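To start, the structure under review is shown below, and the notes come after it.
The values are calculated or read from the model by the stated rules, or taken from the named source; none is laboratory data. Predicted model only: the values in this text are computed from it and were never measured. Cβ placement follows ideal geometry from the backbone for every residue including glycine, while neighbour counts extend to all protein chains displayed. These area figures cover heavy atoms from the full protein model, side chains too; ligands, DNA and RNA do not enter into them. Shrake-Rupley method; radii C 1.70, N 1.55, O 1.52, S 1.80 Å.
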Amino acid sequence: MTAPEPSPDPFGLSRAEWQSLARDWQLPAYRGRQIFDAIHLRGARSVSEIHEVPRSLREKLGSEMPIGLPAVVRREPSRDGSVKYGLRFSDGALIEAVYMPGDGGGARVNEFEDARAASGAVLSAAPGPKPGAAPGRFTVCLSSQTGCAVDCAFCVTGRLGGGRNLTAGEIVGQLYAVLDDVNASAQEMRVVFMGMGEPFLNPDGVSGALDVLFEVVSPRRVTVSTSGITPVFARFASLKKRPNLAVSLNAADDETRASLMPIDRTYPLDGLLRAMREWPLEPRRRLTVEYVLIAGRNDSSADATRLAKLLSGIDAKVNVIPLNEDPLYLPGWKRPAESVIDGFAAALAGARIPVTVRRSRGPDASAACGQLKGRTEDSRKGGSARNR
Ligand code: SF4
């Protein structure tokens, strides 16, 4: 068996890969274990901090696999304690990650929407004020790509266009950049892949990052959200340790869904629902269906009835996410009236579909996925993100 290719970024190697690499370097496997544990369990952020290994090995690591986190270039704190980050990698690629304090119990996947809706954000040329130490449980929302080619009509990241895949090390690195900034440890953490990008279009990077993350956090605390790249379900379903799965559905018929999510024309609902039914669920776990509710597009009682029928026999809960209006990036798109939101949720509940509604708490300076990147790129390049 050949040894795994070393990642250019040491954050992306699992413990087993570090052990294998140590053997490749004619060292005992435990040296690899020591390096992994120093980085991921003890929080070493530079080679010089890995004092468990001999100096000669530190020098080899320093020259061949230097450790580096992405730079915090934007920091938007909200009054509820959420912080939205703009992080830049060494090649100039910019991504978003969000820190959200608190915990509602269970693997919730809608906290990112919560953070988008939080009020009181600060936007300035400097990264912004550093938050205080993170209290108790919290969730970090991660990006998997530097843009997104899926182009959902309601999503600012989609408007910004496609980008490159993040490596496993870059995904883990963005998490550690956030943890370090809020002075938090991974112990009380939940992770959701609901930031920029479609995780299932970057299966190598995301599954590699999961291999690392599952050494420090339970799979039950990690959720991957997909727009429904049907052929990739089997790959993630076959993982020995699986994250929670969220599916961004947003419509209950192909015509409506394709108008909101062009990906539906490639992977229509019947195949997607089959893949959801085949997803292996451990005891006390269920799928999450995300449904962004948009006035006049997918919010009728007939939509709710169709959705309930569609999900019949699938062990899933529905997160109804009323659209965060954004006249700049999403002109003409409206949030439904409260009575419509309530009626939609009630129709699902009446059909015995578990449902929660994520209420917005006010406008945010960067209220939608990708908008922080848009604004940061705007100020950097002096252009409009919408015209890119
Ligand atoms: S909602 Fe997700 S999949 Fe759709 S364009 Fe935005 S980032 Fe991509």
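Just one of the listed residues (ARG33, ARG45) is closer than 30 Å to VAL182 by Cα, at pLDDT below 95 and not assigned by TED's automatic domain parsing to the domain that holds VAL178, and it is ARG45. Just so you know, in region 127-143 the residues that are aliphatic (A, V, I, L, M) and either at pLDDT 90 or above or near the ligand (Cβ under 8 Å from one of its atoms) (or both) include one that is surrounded by the fewest Cβ atoms within 10 Å (Cβ to Cβ), and it is VAL140. Filtered by the rule that a residue be more than 6 Å from the ligand (Cβ to nearest atom), under 17 Å from ILE229 (Cα atoms) and either out of contact with any helix residue (DSSP H, G or I) (no Cβ under 7 Å at 6 or more places or on another chain) or not small (Gly, Ala, Ser) (or both), region 144-161 gives GLN145, ALA149.
Condition (residue is surrounded by 21 or more Cβ atoms within 10 Å (Cβ to Cβ), within 14 Å of the ligand (Cβ to nearest atom) and in contact (Cβ under 8 Å) with a residue 40 or more places away in the chain) applied to region 228-240: is it met by at least one residue? Scanning region 228-240 turns up at least one residue that is surrounded by 21 or more Cβ atoms within 10 Å (Cβ to Cβ), within 14 Å of the ligand (Cβ to nearest atom) and in contact (Cβ under 8 Å) with a residue 40 or more places away in the chain.
The helices (runs of 4 or more DSSP H) found entirely in region 174-286 that carry 3 or more residues being closer than 26 Å to LEU160 by Cβ are 203-213, 254-260, 263-266.
Can we say ILE314 is of a type outside the set (Gly, Ala, Ser), closer than 21 Å to ARG159 by Cα and either in contact with a Ser or Thr (Cβ under 7 Å, 6 or more places away or on another chain) or open to solvent by less than 70 Å² (accessible area, probe 1.4 Å) (or both)? Lay out the reasoning, then the answer.
On the way: of a type outside the set (Gly, Ala, Ser): yes; closer than 21 Å to ARG159 by Cα: no; either in contact with a Ser or Thr (Cβ under 7 Å, 6 or more places away or on another chain) or open to solvent by less than 70 Å² (accessible area, probe 1.4 Å) (or both): yes.
In short, no.
When the residues of region 164-190 are narrowed to those that are among the β-branched types (Val, Ile, Thr) and either surrounded by fewer than 24 Cβ atoms within 10 Å (Cβ to Cβ) or within 16 Å of the ligand (Cβ to nearest atom) (or both), which ends up farthest from ASP151 (Cα to Cα)? Walk me through it before giving the result.
So the first thing to find is which residues in region 164-190 are among the β-branched types (Val, Ile, Thr), and the list is 167, 171-172, 178, 182.
Checking which are either surrounded by fewer than 24 Cβ atoms within 10 Å (Cβ to Cβ) or within 16 Å of the ligand (Cβ to nearest atom) (or both) leaves us with 167, 171, 182.
Details: THR167: 21, ILE171: 21, VAL182: 32 Å.
Checked region 164-190; the qualifying residue farthest from ASP151 (Cα to Cα) is VAL182.
It is to be established whether one or more residues within region 290-310 are open to solvent by less than 60 Å² (accessible area, probe 1.4 Å) and in contact with an Asp or Glu (Cβ under 6 Å, 6 or more places away or on another chain). Scanning region 290-310 turns up at least one residue that is open to solvent by less than 60 Å² (accessible area, probe 1.4 Å) and in contact with an Asp or Glu (Cβ under 6 Å, 6 or more places away or on another chain).
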